[in-house]
Amino acid sequence: MENSWHQLKPRTGFLVRLADRLTDQSWQTLTQLYQPIVGPSAAGLYSALFWLPKRGEYQRHATLLGLLGMDLAHFYEARLRLEATGLLTTKVKTSGELTSFVYELQAPLAPADFFRDDLLSVQLLGVIGEEAYRTLVTVNTVKPQTASDEQDITKNFLDVFHVDGQELNRLPAAITATREDLPNDDAAPALTPTSHEDFDFKLLGEILEHSFIDTKALRSYRQLLLTEHATYNLDEVTMARYVGDATDLATNQFDPEQFKRVIAQDFSRQHRGQPAATSPTTTQPTGERLSSAEQTLITVASKSVPALFLQGIKQKNGGFVTDGEQRIVRDLVSRQLFPDAVLNLMIYHVLVDEERPTLNKNLMDTIANDWSKSKVTTPQLAIKKIRERQQAAQQPRQSRRRQPTVKETLPDWAKKPAAKPSATQAKLSEQQQKQLQARIAKLQAHSNDGKEA
């Protein structure tokens, strides 16, 4: 629910449900495979929800925030990461003016299913790199090993137990009745990429039709193709070339892991030396209408994927994209909070407007939280938020410039006696005026002694 952030307060109630059983393997998968993607804060939130005392009863979020040592903004960000990766289902209940949440913990996927999932495997590969990814696949997937001199003598169920064939043909009512109440396997939320719907699979099939590739077998990888298309903005011709690179010529077998690896490596190599796209050097308008510089910036930001846009800015400034910046951009893309153009404007604002040498995670998260809360979904709204941020940043500096310089000198009234009595002095008696003049003379004497010393 989009407005759940506005409904979330420390006093808001919640309860926790378990949608699946968690095993030791579940916790290992959470730590080794999910945590690199969602981060330690989200993994900690998952664990805290599971081990929360009286988790089936309504409690206030303030209790959970105290256990985690985090504020609402970081809690909400961690919750979104768990939701996005299928580990958490969030439901909201409104009764009158009272709002409460129900958090359903989903068990992590089995390792083999995790590595078969296109979104999760692509994201994990991007975070930890190819070598560590291959190691995790090896560690978390066990292949049965049988030596040539070993003979399998394992008995099956019917070899050991006697089952009446009539009972199998006509199952008892107790079994059929209870099966109807069992949850479906697809109860957990499915991960679906927000892919571009302009990809033409028919055209891709026509291109591959005259090759050695089995297009029918490729249909089962439709989600993978859409994911790569959305991530790297690949057209049908380029996609066909990568499919060919990842298909074994001898067996005609398509290798999805090789497919993802080839695209990632080629993208990095291809854009490492690419000249930067021309873009305006400032975005500091004073009116509400878009300036020509802003319009040009929006046009450039709308035509580039974030990775390429970042690469162009860094090359134009004479720098390079760091590993940390790649992780920051990949993380923001995976959250699917903003269109590419909006995310590109956020990158531009930090690197160009604020003249930062690199992207800072805390700053990017702060801006992203602000823009998400304000529902910034278009480049025009992003420009408006940039204006507001620039005006807010300039306000303190203007206030400081207006402050007079403080000099540690005697006040004017203490330097010279007034030629005429002031309105205050006029109200004093003659004796009080003499006492005041004596105090002034004494103060002047102390000041002169200090100067001579």
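The values are calculated or read from the model by the stated rules, or taken from the named source; none is laboratory data. Bear in mind the structure is a predicted one, so any value in this text is a computation, not a measurement. With ideal geometry, Cβ positions are generated from the backbone for all residues, glycine too; neighbour counts draw on all protein chains shown. The area values use the complete protein model at the heavy-atom level, side chains included, leaving out ligands, DNA and RNA. Shrake-Rupley method; radii C 1.70, N 1.55, O 1.52, S 1.80 Å.
Points worth noting:
- Search result, residues across the range 317-351 that are of a type outside the set (A, V, I, L, M), part of a loop (DSSP other than H, G, I, E, B) and without any contact (Cβ under 8 Å) to a residue 24 or more places away in the chain: Gly318, Phe320
- Yes/no for Arg55 being basic (Lys, Arg) and at pLDDT below 90: yes
Yes/no per residue for (1) of a type in the set (S, T, N, Q); (2) in a helix (DSSP H, G or I):
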{"position": "Ser47", "(1), (2)": "yes, yes"}
{"position": "Lys54", "(1), (2)": "no, no"}
{"position": "Glu57", "(1), (2)": "no, no"}
{"position": "Thr63", "(1), (2)": "yes, yes"}
{"position": "Tyr76", "(1), (2)": "no, yes"}
{"position": "Lys91", "(1), (2)": "no, no"}
{"position": "Ser100", "(1), (2)": "yes, no"}
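- Residue that is nearest to Glu228 (Cα to Cα), among those in the range 333-350 that are open to solvent by 10 Å² or more (accessible area, probe 1.4 Å) and not β-branched (Val, Ile, Thr): Ser334
- Search result, residues across the range 40-64 that are under 25 Å from Leu119 (Cβ atoms), touching a residue at least 24 places away in the same chain (Cβ under 8 Å) and open to solvent by 20 Å² or more (accessible area, probe 1.4 Å): Ser41, Gly44, Phe50
- Scanning the range 59-69 finds one or more residues that are hydrophobic (A, V, I, L, M, F, W, C) and either in contact with a Pro (Cβ under 6 Å, 6 or more places away or on another chain) or closer than 30 Å to Leu225 by Cα (or both).
- Residue within the range 201-209 that is of a type outside the set (Val, Ile, Thr), at pLDDT below 70, farther than 30 Å from Ala42 by Cα and open to solvent by 80 Å² or more (accessible area, probe 1.4 Å) present: no
Conditions (1) in contact with a Cys (Cβ under 6 Å, 6 or more places away or on another chain); (2) surrounded by 16 or more Cβ atoms within 10 Å (Cβ to Cβ); (3) part of a helix (DSSP H, G or I), marked per residue:
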site: Tyr34; (1), (2), (3): no, yes, yes
site: Gly66; (1), (2), (3): no, no, yes
site: Leu109; (1), (2), (3): no, yes, no
site: Val127; (1), (2), (3): no, yes, yes
site: Val139; (1), (2), (3): no, no, yes
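- Any hit, the range 236-246, residues being modelled with pLDDT under 75, open to solvent by 30 Å² or more (accessible area, probe 1.4 Å) and not charged (D, E, K, R): no
- Checking Val321, Val305 one by one, the residue that is modelled with pLDDT under 80, surrounded by 15 or more Cβ atoms within 10 Å (Cβ to Cβ) and touching a Leu at 6+ places or on another chain (Cβ under 9 Å) is Val321 and no other.
- All told, Leu15 meets the bar of being among the hydrophobic types (A, V, I, L, M, F, W, C), part of a strand (DSSP E or B) and either buried (at least 17 other Cβ atoms within 10 Å of the Cβ) or touching a residue at least 40 places away in the same chain (Cβ under 8 Å) (or both).
- Among the residues making up the range 78-89, those that are on the phi < 0 side of the Ramachandran plot and in a loop (DSSP other than H, G, I, E, B) are Thr85, Leu87.
- Within the range 216-235, the residues that satisfy the criterion of being outside any loop (DSSP other than H, G, I, E, B), charged (D, E, K, R) and either farther than 17 Å from Leu120 by Cα or open to solvent by 70 Å² or more (accessible area, probe 1.4 Å) (or both) are Lys216, Arg219, Arg222.
- Any pair with Cβ under 7 angstrom, 6 or more apart, that starts in the range 82-101 at a residue that is over 21 Å from Ala62 (Cβ atoms) and touching a residue at least 60 places away in the same chain (Cβ under 8 Å) and ends at one that is open to solvent by less than 40 Å² (accessible area, probe 1.4 Å) and in a loop (DSSP other than H, G, I, E, B): Gly86/Gln106; Gly86/Leu191; Thr89/Gln106
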